[in-house]
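A short write-up of the structure that comes next.
Throughout, read-outs are computed from the coordinates displayed, never taken from laboratory work. Please read all numbers here as calculations on a predicted model, not as lab measurements. Please note: Cβ atoms are built from the backbone with ideal geometry, for glycine as well, and neighbour counts cover all protein chains shown.
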Amino acid sequence: MSVLIIAEHDGKSLKNSVSQCVTAARALADEVHVLVCGEGVTEVASAAATIDGVTRVLTADASHYAHQLAEEVAPVVTSLAKDYQYVLAAATTTGKNLIPRVAALLDVQPLSDVMAIESADTFKRPVYAGNVIATVKSLESLKVMTVRTTAFDAAGVSDTAAPVDTVDAAAPVNISQFVGEELAKSDRPELTAARVVVSGGRGLQNGENFQLLYDLADKLDAAVGASRAAVDAGYVPNDMQVGQTGKIVAPDLYIAVGISGAIQHLAGMKDSRVIVAINKDEDAPIFQIADYGLVADLFDAVPALTQQLS
Amino acid sequence: MKILVPIKRVVDYNVKVRPLDDGSDVDLRNVKMSVNPFCEIAVEEAVRLKESGAASEVVVVSIGDGKAQEQIRAAMAMGADRGILIESDGALEPINVAKCLKAVYEKEQPGLVIMGKQSIDGDNNQTGQMLAALLGLAQGTFASKVEVEEGHVAVTREIDGGLQTLRLNTPAIITTDLRLNEPRFASLPNIMKAKKKPLETLSAEALGVELRKRTEVVSVSPPPQRQGGIKVASVEELVAKLKEEAKVI
């Protein structure tokens, strides 16, 4: 059995999600290949080659892969897929954009957001916003899927690198063009990759008060997130949203500040290892799932916590 | 330019769905059904493009049993001009839905397809990308902004870490994200008017689409419940617990 993982990268570095996909892939097969598609991907390919469990890295290097548009990448994946039993990518916006396109070209029904592998053809995935977990059996001979990365630990780094081979680029499709990107710049770790996440909700009252969370986050090398209520109120930008319609996170430590705990938020963070809630309303639903709850005014408690950690 | 808007009848987003006792499926008896929220955003965007003069006609299409007519009427009350129902009791997995939509696309020849990025029941987030693949068209998924130009459409997409803007050759497939717009409420006169708008019924078989079963739901279960922990009395106690008990800082 062999798996092809489509690597997510920004042209310079490999995303951590690839290591998590490798762990999922290892549960399915011994042969784990990683495809790195892009322009000038030598460094990224070397990084992929040293992930523990990867047996081969393939690179497709061409100028029309520079922005990894789904229209361009799908044909090269499709041409390789026949040699594999599984094609995998992380269930990120990139993976979710690409994988169904690949699957349709292969006439395969893919599986989204796989969170557990039950057997070679049976998987668990969340439906109805995570209120129900479905166990689904794929009847397809080739299984194409996206993997919920928070459900799988990242594979380690190996001393020996897997071989890196080049594959032919597919002909350019040229039906879509990259215009630009506006990425939030931050010195803090990325939300989905951070070991500690500090999130704020409506209780913060305005965007300026999020500074309290940034100060705390700097002490913990944490990423800063927000509830949908805080995003909708305009305190912080959309890409900070943790929840069913935002980012799904599962850090070692999640600190929810001034967040009541709506279902939609809990769906995005309830798999965190340790959850701390700070809220002045002792009846807030967030306390029902928090390992440690502190009923207090966040404007006193958060600066005190920051100071204690100094 | 004609815009085709595929929509789905789903359990209303306010309903908390539970598995049946035997775990064979979710309990959908007597629950309120609505237009999938992302599909509503797609209808709204298409109607706005028509109102701005960029589009000439908005056609909604849904696939399923006869009851989906309610959702097609709801979309027409928002401003869509006519509806198509593809009646089928076959396996309506995303790839089969995409194949039905491909047949409708070929019949209608729209300049743009706008549809929801995912349905809130299956949460698959696949159909738009699959339709684009089957038609060999460009895809603008998770759109938060759509600007129609001559021969092109500029789509700003919500991606991890920010926004990405693409310029797609048209016809193209666009899937909507939450922030694209806020759908209007249909007024009573428009609801009445919608009842008179044309609604055509087709069958998947008549479109020549084979609905082969691709996956099987083995069982459904509630998610594991997380147990609450303890309340701490002070910041000092919290720090001590995190250091000594949880060992996370």
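Of all DSSP-defined beta bridges confined to segment B:39-179, some 50% are antiparallel rather than parallel. Give me the distance between the Cα centres of segment B:89-142 and segment B:215-249, rounded to whole Å. When both Cα centres are located, 39 Å separates them.
The calculated FRET efficiency for the pair B:Lys107 and A:Asn174, based on their C-beta separation and a Förster distance of 30 Å, comes to about 0.65.
If R0 is taken as 51 Å, the Cβ-Cβ distance between A:Leu139 and B:Glu51 corresponds to a FRET efficiency of 0.70. Based on the alpha-carbon gyration tensor of segment A:196-308 and its eigenvalue square roots a ≥ b ≥ c, which shape applies: rounded if a/c is under 1.5, prolate if not and a/b is larger than b/c, or oblate? The shape class here is rounded.
Note: relative contact order over segment B:131-249, using C-alpha pairs below 8 Å and six or more positions apart, is 17 percent. Across the alpha-carbon atoms of the protein assembly as shown, the computed radius of gyration and Dmax are 23.7, 71 angstrom. Among A:Val179, A:Val164, A:Val197, the largest mean-square fluctuation in a Gaussian network model of chain A (Cα springs under 10 Å) belongs to A:Val179. Judged by the ratio a/c of the largest to the smallest principal axis of the C-alpha gyration tensor, segment A:2-166 counts as prolate, that ratio being 1.5 or greater while a/b is larger than b/c.
Count the DSSP beta bridges whose two residues both fall in segment A:1-149, then state the antiparallel fraction as a percent rounded to the nearest 5. Of the beta bridges lying entirely in segment A:1-149, close to 30 percent run antiparallel. A run of chain B free of exposed loop cleavage sites, with GluC sites (Glu not before Pro) counted only in DSSP states other than H, G, I, E and B and at most 13 other beta carbons within 10 Å, reaches its longest extent at B:1-149.
Angle of helix A:70-81 to the longest C-alpha principal axis of chain A, folded into 0 to 90 degrees and rounded to 10: 50°. For the residues B:Val26, B:Val153, B:Val235, a GNM of chain B with alpha-carbon springs under 10 Å puts the largest fluctuation on B:Val235. Highest GNM mean-square fluctuation among A:Ala171, A:Ala256, A:Ala155, for chain A modelled with Cα contacts below 10 Å: A:Ala171. If you take the Cα centroid of segment B:150-200 and the Cα centroid of segment A:163-187, the two points sit 26 Å apart. By the count of neighbouring beta-carbon atoms within 10 Å, fewest first, A:Cys37, A:Cys21 end up ordered A:Cys37, A:Cys21.
Of the trypsin sites (Lys or Arg not before Pro) found in segment B:22-77, those in coil by DSSP whose Cβ has at most 12 other Cβ atoms within 10 Å are B:Arg29, B:Lys32. Taking 7 Å steps out from each Cα toward its Cβ at B:Lys193 and A:Asp30 produces label points 6.8 nm apart. Principal axis extents of the C-alpha atoms in segment B:2-245 (largest first, rounded to whole Å): 66, 43, 40.
Mean projected area of the convex hull spanned by the Cα atoms of chain A, taken over all viewing directions: 16.7 nm².
Rounded to 0.05, the FRET efficiency of the B:Val217 and A:Thr166 pair, given R0 = 45 Å and the Cβ-Cβ distance, is 0.65.
Potential lengthening of the chain between A:Ser119 and A:Lys12 amounts to 35.0 nm, from the contour at 0.36 nm per residue minus the alpha-carbon distance. Translational diffusion of segment B:1-100 was estimated from the Stokes-Einstein equation, with Rh taken as the Kirkwood radius over Cα pairs; at 20 °C and 1.002 mPa s the coefficient is 147 µm²/s.
When both segment A:95-149 and segment B:1-71 are represented by their alpha-carbon centers, they are found 23 Å apart. Note: relative contact order over chain B, using C-alpha pairs below 8 Å and six or more positions apart, is 23 percent. Let me know the shape class of segment A:117-272, please: from the alpha-carbon gyration tensor, a ≥ b ≥ c as square roots of the eigenvalues, rounded when a/c is under 1.5, otherwise prolate if a/b is greater than b/c, or oblate. It comes out prolate by the Cα gyration axes. A P(r) calculated from all alpha carbon pairs of segment B:152-249, with 10 Å bins opening at zero, reads 9, 13, 16, 29, 16, 10, 7, 0 percent.
Sequence-distant contacts, meaning Cα pairs under 8 Å at least 6 residues apart, place the relative contact order of chain A at 14 percent.
Of the trypsin sites (Lys or Arg not before Pro) found in segment A:109-214, those in coil by DSSP whose Cβ has at most 15 other Cβ atoms within 10 Å are A:Lys185, A:Arg195.
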